[in-house]
Each structure stands twice: as structure tokens, then as C-alpha cells.
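Taking it in order: structure first as C-alpha cells, then the write-up.
Laboratory data are not the source of any read-out in this text; all were calculated from the coordinates shown. The model shown is predicted, which means the values in this text are computed figures rather than measured ones. Cβ: placed from backbone, ideal geometry, glycine included. Neighbour counts: every protein chain shown.
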Amino acid sequence: MRVLVLGGDGYLGWPTALYLSRQGNDVGVVDNFARRQYDHEMGVESLVPIRSLKRRVQCWEEVSGSRIEAFVGDLTDDGFVYRVLTEFSPDTIVHFAEQRSAPYSMIDRSHAVYTQVNNVVGTLNLLYAIADIDPSIHLVKLGTMGEYGTPIHRH
Ligand SMILES: NC(=O)c1ccc[n+]([C@@H]2O[C@H](COP(=O)([O-])OP(=O)(O)OC[C@H]3O[C@@H](n4cnc5c(N)ncnc54)[C@H](O)[C@@H]3O)[C@@H](O)[C@H]2O)c1
């Protein structure tokens, strides 16, 4: 199966890509490195150094013999999303590519707006690209309530 992992440079995305690749799937990853920028902006570093996506892809090929194709770009760029889906032609997409941190989204107005636009527009571009290019693509979407800021209350 051809599987595209969005947010493939991230905490969940990279191990998911390795797992799927080891199972024999053709795996592609998409990321814009926004997460690395947040750390830089906040002046923090991961406890364990995280190598560049390019280096990680190389290492995986060395140890497994399998190639993971990397696409660098932003899901809020509709042209990029349509190009990647057309070029990679996935059977399934796993979508992790969002700003996940509620505290980050609450820093101030601009961080709240960034989080909303990034998470909602990125996902909308993806949904429209799937509908326009190949509606048979399966979508697995991971997300937490903190991403959208509006909890759903059921009474
Ligand atoms: N980490 C957890 O324990 C956990 C638990 C439940 C749900 N989730 C959800 O899973 C998803 C991934 O979480 P994570 O912990 O791997 O986060 P993460 O920040 O490590 O990974 C997300 C990746 O997406 C990329 N990204 C963000 N916006 C993008 C955009 N517009 N275009 C392209 N790439 C973009 C980032 O650069 C990053 O590499 C999030 O939606 C999160 O809410 C995470």
C-alpha cells in the first residue's frame, strides 16, 4: 500500500512512517518543519537531539534498505497539497500535521490565529484535494481538542 504521513518529521509521524515502511508499504512523509521553528522561537530544545529529516531518511535507507520519500512544504499551500497527492498517489493518508500545543496557541492573538489557520486550513486543503484528485484515498486523522479551542459539549 502507498501511505503518505503528514507531519512525518514530528513526534508521532516519524515513528509511524518507520513502522509502516517496515511492514512493506511505500511510505512518503510531508512536513514544513514548523515544529522545529516553535522550539527555536521558544528557546527550547528536545531532550534528545532530533536529526534532520534528510538525515533520518538516509539512516532508514541504510538500516532497512527501504526508501521513504520526503516532501517539504506547507499544508496551508493548496498548490503544494494538490501536487503531492498527484505525484505520490497514496492509497492512504495519515494526517498528524497540526500545531498540537494548547499553551502555544494561547500565547497571544497571533499564535491563536496561526494555530486556527494552520490546523483548519491545512485540513480543509487536504479534504478538498482528496475529493478532487481521488476520493477513494483513505484518511486517518489524529488530533486533540486543544488544536481547535472549542470543546464539544454534549448534554
Ligand atoms: N503527542 C501525543 O501524545 C498526541 C496525542 C493525541 C493526539 N495527538 C495529535 O497528533 C498530531 C501529531 O502530534 P505530534 O505529537 O506528533 O506533534 P508534532 O508537533 O511533533 O508533529 C506535527 C508535525 O506536523 C508538522 N506540521 C505542522 N503544521 C504543518 C503544516 N501546515 N504543513 C506541514 N507540516 C506541518 C510539524 O512541523 C510537525 O513535524 C497532532 O494533531 C496532535 O494533536 C498527539
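Shape of region 23-142 from its Cα gyration tensor (a ≥ b ≥ c, root eigenvalues): rounded if a/c is under 1.5, otherwise prolate when a/b > b/c, or oblate? It comes out oblate by the Cα gyration axes. Taken over the Cα atoms of region 1-67, the convex hull encloses 80 Å³ per residue. As a length-normalised measure over Cα pairs under 8 Å and 6 or more apart, the relative contact order of the chain settles at 26 percent. Magnitude of the charge dipole for the chain, about its Cα centre and with charges confined to Cβ atoms of Lys, Arg (+1) and Asp, Glu (-1), is about 360 debye.
Qualifying chymotrypsin sites (Phe, Trp or Tyr not before Pro) in region 1-50, where qualification requires a DSSP coil assignment and no more than 15 other C-beta atoms within 10 Å, comprise TYR11, PHE33.
Sparsely packed loop sites in region 1-103 (the trypsin sites (Lys or Arg not before Pro) outside DSSP H, G, I, E and B with at most 14 other Cβ atoms within 10 Å) comprise ARG51, ARG67.
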